[in-house]
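Working notes, structure below.
The values are calculated or read from the model by the stated rules, or taken from the named source; none is laboratory data. The structure presented is a predicted model; accordingly, all values stated were derived computationally and were not measured. Ideal geometry is used to build each Cβ from the backbone, glycine not excepted, and the neighbour counts take in all protein chains shown. Calculation scope for accessible area: heavy atoms of the full protein, side chains included, ligands and nucleic acids excluded. Shrake-Rupley method; radii C 1.70, N 1.55, O 1.52, S 1.80 Å.
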Amino acid sequence: MALDEETVRERVAAFLAGHDPAGDRLEFLRARFDAGLAWVHFPEGLGGLGAPRELQNVVEREFTGTPQINHGLQTIGLGMAAPTILAFGTDEQRGRFLRPLWTGEEIWCQLFSEPGAGSDLATLATRAVRDGEEWIVDGQKVWTSGAHHSRWGILVARTDPDVPKHRGLTYFVCDMHAPGVEVRPLRQITGEAEFNEVFLTGVRLGDDLRLGEVGDGWRVAQTTLMNERVAIGGGPVRRGGGMIGLVADTWRARPELRTHDLHGRLLRLWVEAEVTRLAGSRLREQLAAGQPGPEGSGMKLSFASLNQALSGLDVEMRGEEGLAYDDWTFRRSDAVDFFGRGPGYRYLRAKGNSIEGGTSEILRNIVAERVLGLPSEPRVDKDVPWKELPR
Amino acid sequence: MALDEETVRERVAAFLAGHDPAGDRLEFLRARFDAGLAWVHFPEGLGGLGAPRELQNVVEREFTGTPQINHGLQTIGLGMAAPTILAFGTDEQRGRFLRPLWTGEEIWCQLFSEPGAGSDLATLATRAVRDGEEWIVDGQKVWTSGAHHSRWGILVARTDPDVPKHRGLTYFVCDMHAPGVEVRPLRQITGEAEFNEVFLTGVRLGDDLRLGEVGDGWRVAQTTLMNERVAIGGGPVRRGGGMIGLVADTWRARPELRTHDLHGRLLRLWVEAEVTRLAGSRLREQLAAGQPGPEGSGMKLSFASLNQALSGLDVEMRGEEGLAYDDWTFRRSDAVDFFGRGPGYRYLRAKGNSIEGGTSEILRNIVAERVLGLPSEPRVDKDVPWKELPR
Amino acid sequence: MTLLYTEIEEDLRASVRDLLADRCGPGVVLRRVESATPYDAELWKTLAQEIGVAGLLVPEEHGGAGASARETAVVLEELGRAVAPLPFLTSSVLAVSALLGSGDGLLGALAAGEATAALVVPFAVSPYRFAETATVRDGVLSGQVRAVAGADVADVLLVPAGGGLYAVDAADATVEVVPSLDLTRPIATVTLSSAPGRRIEGADGGDVRRALLTGAGLLASEQLGVAEWCLNTTLAYIKERHQFARPVGSFQAIKHRMADLWLDVVRARAAARNAAHLLAGATGPAVGGDERDGQDERDGRDGQDGRDTELAVAVAKSWCSEVALRVAEESVQLHGGIGMTWEHPVHLYLKRAKAGEIALGTPGVHRDAVAVLADLPGPVA
Amino acid sequence: MTLLYTEIEEDLRASVRDLLADRCGPGVVLRRVESATPYDAELWKTLAQEIGVAGLLVPEEHGGAGASARETAVVLEELGRAVAPLPFLTSSVLAVSALLGSGDGLLGALAAGEATAALVVPFAVSPYRFAETATVRDGVLSGQVRAVAGADVADVLLVPAGGGLYAVDAADATVEVVPSLDLTRPIATVTLSSAPGRRIEGADGGDVRRALLTGAGLLASEQLGVAEWCLNTTLAYIKERHQFARPVGSFQAIKHRMADLWLDVVRARAAARNAAHLLAGATGPAVGGDERDGQDERDGRDGQDGRDTELAVAVAKSWCSEVALRVAEESVQLHGGIGMTWEHPVHLYLKRAKAGEIALGTPGVHRDAVAVLADLPGPVA
């Protein structure tokens, strides 16, 4: 029988009675994991209680004020690596990886995208060739955030170039400390580097780092990608919040910038931001009512387009101030900083919103086919061996 | 040696000396044809002098003030049927058809489009089956302007359903007075009928009405379509002319209709209309300088979109007046009447601008492939017999 | 549950949709608009009396169903989806709303579907700029009002004059229907030449403005219905229609346009629901207390609720007007030639959408209201 | 021939393009903008002196080429196509134009490429709203002007003050370059603290405004060059880049967007050429006498020519600004991830396009001028 809210609450209380939140942070977190109170829907022994996923909210509330894990740094580990390891890992792999992943002792990154394989991920060219009990990996990955402080990476590589592209892939855990792994910051048009390029040259990975069967990498990767957080979380909840709020605040504070032309465009964008926010609220209500709708697919599209239009208007309306930029220094950063940086940065960074995490073109395809049921286009690559595909 | 301007001028003078423009209109026109002064670039004996096409302008100037042919009613005959007959007709056919076509004694219409074959004209389904020296035609054509006062129609029909779609077509001259030809006015969303549906039921056409070889209809039709007038002629020449002029006049005359929102949109459209007009002027300069550019392909796209946006704004800005319509009477009309009718008519009629004569979607394909050199999409219908195509 | 549909609302929708599918299909509507009487009186009787939609907004003590703007909005979605030529918006929404504050006895007859009424204002007027055009003297009304919707089928005309509201028997006025862009909701010129009127006790210009606000906010739901019909009908068509041996709907440029339109409609639904919810007089804000910004929280409770509602209406009407129109226009385009013919019903939706853009305030007029309500002032002159 | 390019213009274009291809490729520009001096002084010397572009607008009697805005526009197209970090627009167009009426001796040095100058006004200022920010007293200037383009490489600063125009030696002013959105044309704050200035005889605020008008109209040609590079580079990329075993450029949604962008660029070329032609002081209208409307014909000749030119500038700057920006933004998007990286030059064009939108008047400001010039007045207040 599944655990109920009351029982979970009691477990937390019992745990807190025995562990001082003011003590050593890491010890507290390890103990919380071992007590099955890390992610309650995971199995017992792996940080969970096999409880319904919704009860996690209860647990989080009860743990308010205690040492917390770092959701920012651990995004890839928690959101992508963990569910994949749980679904496809051996007992040894689950036992080895999940605990330090959750406590944050080991940071994870994602090694999927390649310069030649963006939207068409399945054409990726990084090779993994078997050599006894090891695999030798050669290739280049890109858009890897956090690679420079990662212990492990989830990696998809081509193990068989002679079969159609989806069938020749295998999924690995990549040891980011292994010889031949080189991480280089990738400078973006904003001037800073949120991401890295990762060069893999003769990297040897033991076969015990393989996740799932040889040739089954595409299916394993789907599990990872399905767990990528839906973009809806990123939308503003308050009316007039988010990017529109930034622009509206400037508008209100600086009457000298106003023109009728800008006013008309601002009003349109304010309305669009508001109806998009309402659609997000409605989606959350649907989820809460157990009626998940297809609307989620569209939220990322909407926010990308809104962020771009609003940040563009922001730069334009500031006139001579818009001709300046806050800082071109080449340095690493760990996240998007729409609220701390200047309008020029926001304008440039928002351009990535319609590319990263699924381009707007791919998202429109998905809406058209999966939501609207429109037929797919003629495919030319379905039954062709990967090595014969035009590139 | 080709004729020069001076000689042509002399010929016209000689003709006018012998023929009184104030006399019988038809006799005058027939004589003008017989003198080779109808279309000077046509061969001698067929209304022309075998002269360069440019000299036609000279002839037209010299004939100012004399009886004229009716370019409106004769559009299809002059612009599409005549060049096709000239290129593919037998001597008998040229001799039989061209003179009354030019004088306007016989009006022509075009029987190409079908309900099931719009942008994809080559899939048309009207059948022509050989029966001795005759062909029996069955099918339905649509969007036929002037069918009700036409003597002849240019017709493309399928004579072989067992070969790929482009290869089984044959081109005919259809006798619009033959039994089995039924013309019905086709009411449009504006309330009136500019076009017709033409039902062909067991229509018997002699083989002498075939134009070009059996199975060669697609190639013959290409000649017809290449001669369809380029849309550039339709653009306004004056600054602030055309549809923008109509809207701007109302704007100036009625200050009580103005709002900042409408003003901003009107200014954008005025600028767009102006740059589109300038592009048309530049295109004409290029043509005059003997440097035809690819810009022509885009003019129809631009005018369609401008006409739609402007006529939509016009209705909206009139408020309660925009809720009314001038006249829903079902009646025939021979042409678009943007300047004589009300804003509601213009709004509805302009919707056709992006459909008739090549949809905007097809025109974008053409620009992308022929002007920009982008690759075509994978084709699924190239080598499939017509009768096996999905429909 | 605020932006979703309740079970009761879904049941109501099903009843209305079934009836309309049965008696108000596109072919029927096309034939009706060619006749002298586009309005379908018989169908209206069934809908008003048997399903009881005429009294949705009327409190029970006045013989109505005591429902709210939420249920009314669902009915409007269905009527929009059918471009139904019925006086629901004009009588059961606009006229009823104008009477609600007064509790006038006429409400009972309207709720029972025994009479229909029309508010005698130009259909293009916005809630923000209403001005009387008729005059009253000793209970006798004179004046001319153009572009009145629903007057042609009204038994009673509600005429704002002299700061009050007057009920005039339609037989005492001249109602001249003019050729209308929207074939399914024609407009008329109402002329009053010393027509006797009964003053509605307790109703004034404020009631008229509130009725126009309610009408504008709920028209957004009708526009949602129009947009949904156009989107779904176009989807069905482009899945079926083949060109170049492929369904038209398999071409990527078309797919992307449809995806964008769908996204517009998804947001139109959220906006229309939000307006309906707030018009229903919900005491809390539409989407949870945590979602109010600081500015709002500083305002007083009552004033704030009114402002939230007005803002929701302005947002919904401006967005849904443009979405309905865009989807209808794209629908005509994607139907190709057939979409330009009288025989295909899509033009009825295009005309409804275009007229709806103007009705009860254009999108631009409602955005001007947003400027005030959301504190986004224009340039200082 | 008015909107086409003459043979002389095409020859000039070829010389400039060859030189830039040789010495100002994207890799070179990327490296320069990371250095302390983005401007390429050596390249400027070659271009200014050997090809002689610095004196294009300067009459022969002052040591220039006596060419016109038409040839100048062609050079700007090429400089835009290369996002070249050179002071042509700021010195040879803006500063020279401000001096033209005076015939000042400085023109000779500028024409010869021996000196460069900058007009000390905010680069965002429009021809319609210029106001002085420096003051002058006894030939000594004080004040601060922000966002000045070209000041960092100018030998001479032209400062509008006291209704006149003053030449200030750059060494006598403080020029502080600030981090700029446009890496290839940085802006600077110019501070004058009792700097000695020489009054330019015969130059006043009207010359400054005319220079700004010329600058705005010719910036449209630079924007055309930016748009063309972005369009062509994107076309080349999507023909090469494969996804799903097809060139990205074979997907219909992409093709249709490219077709629309191309159409925008075709019209940008016509608009930019028209502005350049009229700025060249052509006595006839740009596109044939028969194309003038009745309104224009009623106006006097001189005033009308000036008004035609102003309108052409406003049209060109508003259209070309938006087109350059739209094409640059689409270019980033269609390059996918690589377009977001510093190593690919497309971001230089995006930044130039965004800064160009603001420079010398935003599109909205120029549309406001269209409202006046084309007699399309706004709402009566």
I'd like to check something: does the stretch B:71-78 contain any residue that is open to solvent by 50 Å² or more (accessible area, probe 1.4 Å) and at pLDDT 95 or above?
no
Within the stretch C:246-260, track down each residue that is part of a helix (DSSP H, G or I) and under 18 Å from residue B:379 (Cα atoms).
C:248, C:249, C:250, C:252, C:253, C:254, C:255
Counting residues that are closer than 23 Å to residue B:106 by Cα and of a type in the set (A, V, I, L, M, F, W, C), which helices (runs of 4 or more DSSP H) fully inside the stretch B:1-74 reach at least 2?
B:25-34
Search result, residues across the stretch A:311-361 that are within 24 Å of residue A:297 (Cβ to Cβ) and of a type in the set (Val, Ile, Thr):
A:336, A:355, A:359
Kindly provide the set of residues from the stretch A:237-291 that are more than 23 Å from residue A:304 (Cβ to Cβ) and touching a helix residue (DSSP H, G or I) at 6+ places or on another chain (Cβ under 8 Å), ordered by number.
A:257, A:258, A:259, A:260, A:261, A:263
Taking the condition within 30 Å of residue A:145 (Cα to Cα), open to solvent by 20 Å² or more (accessible area, probe 1.4 Å) and either at pLDDT 95 or above or assigned to a helix (DSSP H, G or I) (or both), does residue A:314 pass?
no
Filter result (surrounded by 13 or more Cβ atoms within 10 Å (Cβ to Cβ) and out of contact with any Leu (no Cβ under 9 Å at 6 or more places or on another chain)) within the stretch C:130-139:
C:132, C:133, C:136
Does residue A:285 meet the test of being crowded, with 23+ Cβ neighbours inside 10 Å, among the acidic types (Asp, Glu) and closer than 27 Å to residue C:263 by Cα?
no
Return the residue satisfying two criteria in turn: it lies in the stretch D:207-245 and is free of Cβ contacts under 8 Å to residues at least 24 places away in the same chain and either open to solvent by less than 10 Å² (accessible area, probe 1.4 Å) or not in a loop (DSSP other than H, G, I, E, B) (or both), and of such residues it is nearest to residue D:127 (Cα to Cα).
D:232
Verdict on residue C:376 being modelled with pLDDT of 95 or more and farther than 17 Å from residue B:261 by Cβ
no
Looking only at the stretch A:111-125, and only at residues there that are within 14 Å of another protein chain (Cβ to nearest Cβ) and assigned to a strand (DSSP E or B), the one that is nearest to residue A:144 (Cα to Cα)
A:114
Collect the residues in the stretch A:258-282 that are within 11 Å of chain D (Cβ to nearest Cβ) and either in a helix (DSSP H, G or I) or open to solvent by less than 20 Å² (accessible area, probe 1.4 Å) (or both), keeping them in residue-number order.
A:260, A:261, A:262, A:263, A:264, A:265
Determine if the stretch D:330-342 includes at least one residue that is among the charged types (D, E, K, R) and at the interface with chain A (Cβ under 7 Å from one of its Cβ atoms).
no
Residue list for the stretch A:321-350, restricted to those being at the interface with chain D (Cβ under 10 Å from one of its Cβ atoms) and either open to solvent by 10 Å² or more (accessible area, probe 1.4 Å) or in a strand (DSSP E or B) (or both)
A:321, A:324, A:325, A:326, A:327, A:328, A:329, A:330, A:342, A:343
Matching option when the condition is aliphatic (A, V, I, L, M), within 14 Å of chain B (Cβ to nearest Cβ), touching a Gly at 6+ places or on another chain (Cβ under 8 Å) and buried (at least 24 other Cβ atoms within 10 Å of the Cβ), among C:181, C:94, C:192, C:110:
C:181
Looking at (1) more than 27 Å from residue C:24 (Cβ to Cβ); (2) more than 20 Å from the chain's Cα centre (by Cα), which one does residue C:170 not meet, given that it meets all the others?
(1)
Residue A:197 being under 18 Å from residue A:151 (Cα atoms), at pLDDT 95 or above and not small (Gly, Ala, Ser)
yes
Restricting attention to the stretch B:129-140, does a residue exist that is within 14 Å of another protein chain (Cβ to nearest Cβ), on the phi < 0 side of the Ramachandran plot and touching a strand residue (DSSP E or B) at 6+ places or on another chain (Cβ under 6 Å)?
yes
Give the number of residues within the stretch B:351-376 that are within 14 Å of chain D (Cβ to nearest Cβ), outside any helix (DSSP H, G or I), open to solvent by 20 Å² or more (accessible area, probe 1.4 Å) and among the aliphatic types (A, V, I, L, M).
0
Which residue pairs have Cβ atoms closer than 6 Å, lie 6 or more positions apart in sequence or on different chains, and pair a first residue in the stretch A:62-85 that is closer than 21 Å to residue A:8 by Cβ and touching a residue at least 60 places away in the same chain (Cβ under 8 Å) with a second residue that is open to solvent by 20 Å² or more (accessible area, probe 1.4 Å) and among the polar types (S, T, N, Q)?
A:83/A:227
Read through the list (1) within 14 Å of chain C (Cβ to nearest Cβ); (2) within 21 Å of the chain's Cα centre (by Cα); (3) among the polar types (S, T, N, Q); (4) open to solvent by less than 30 Å² (accessible area, probe 1.4 Å), then give the number of the only condition that residue B:305 fails.
(4)
Mind listing whichever residues of the stretch D:338-372 are open to solvent by 20 Å² or more (accessible area, probe 1.4 Å) and in a helix (DSSP H, G or I)?
D:338, D:365, D:368, D:372
Scan (1) facing chain B (nearest Cβ under 10 Å); (2) farther than 30 Å from residue D:358 by Cβ; (3) surrounded by fewer than 23 Cβ atoms within 10 Å (Cβ to Cβ); (4) modelled with pLDDT of 95 or more for the single condition residue D:253 breaks and write down its number.
(1)
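Let's see how each residue does on (1) under 23 Å from residue A:96 (Cβ atoms); (2) over 29 Å from the mean Cα position of the chain (by Cα); (3) without any contact (Cβ under 8 Å) to a residue 12 or more places away in the chain:
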{"residue": "A:16", "(1), (2), (3)": "no, yes, no"}
{"residue": "A:28", "(1), (2), (3)": "yes, no, no"}
{"residue": "A:47", "(1), (2), (3)": "yes, no, no"}
{"residue": "A:51", "(1), (2), (3)": "no, no, no"}
{"residue": "A:57", "(1), (2), (3)": "no, no, yes"}
Scanning the stretch D:173-189 for residues that are part of a strand (DSSP E or B) and not hydroxyl-bearing (Ser, Thr, Tyr), which turns out nearest to the chain's Cα centre (by Cα)?
D:187
Taking residue B:318, is it out of contact with any strand residue (DSSP E or B) (no Cβ under 8 Å at 6 or more places or on another chain), without any contact (Cβ under 8 Å) to a residue 60 or more places away in the chain and within 12 Å of chain C (Cβ to nearest Cβ)?
no
